[in-house]
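Below: one structure, written as structure tokens.
The values are calculated or read from the model by the stated rules, or taken from the named source; none is laboratory data. As the structure is a computational prediction, the values presented were derived from the model and not from experiment. As a convention, Cβ positions derive from the backbone with ideal geometry for all residues, glycine included, and neighbour counts pool all protein chains shown.
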Amino acid sequence: MLSRHCKKGKCEDENITDSPVWEEEFAFTDNVGIPVCLLCHASLNHHKTSNLKHHYEAKYKNFATNYPHLSDFRRNKLTELKIFIKLTAGSVENF
């Protein structure tokens, strides 16, 4: 889902609010409105597709070759990573 937000002459056409797209394309998940990388747990301030794509392509060139896009192997790996992030976040909140 794309939205258009204009403020002070700046328009952002590429805001994404669809977490499944983040997960499959760029290995990001939504954590309370903030995109978080499933591979390194880095969080980005903006939901812009270009920021997510740049992070993914700059740091994880081999991930796409090891886990081909739209494969069950990749989907399973991303699910494991998402569960790990949720468990880690839960343990930090309980600490």
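Brief remarks follow.
- K61 meets each of the listed conditions (1) out of contact with any Pro (no Cβ under 8 Å at 6 or more places or on another chain); (2) within 21 Å of K86 (Cα to Cα) apart from (2).
- The conditions of being touching a Phe, Trp or Tyr at 6+ places or on another chain (Cβ under 9 Å) and modelled with pLDDT under 80 are met by S19.
- Scan the stretch 44-64 for residues that are at pLDDT 90 or above and exposed (fewer than 14 other Cβ atoms within 10 Å of the Cβ) and the total you get is 4.
- Single residue of the stretch 20-30 satisfying the filter (part of a helix (DSSP H, G or I) and not aromatic (F, W, Y)) that is surrounded by the fewest Cβ atoms within 10 Å (Cβ to Cβ): P20
- Filtered residues of the stretch 63-78 (kept if in a helix (DSSP H, G or I) and more than 17 Å from the chain's Cα centre (by Cα)): T65, N66, D72, F73
- All positions within the stretch 31-50 that are free of Cβ contacts under 8 Å to residues at least 12 places away in the same chain and either polar (S, T, N, Q) or assigned to a strand (DSSP E or B) (or both): I34, N45
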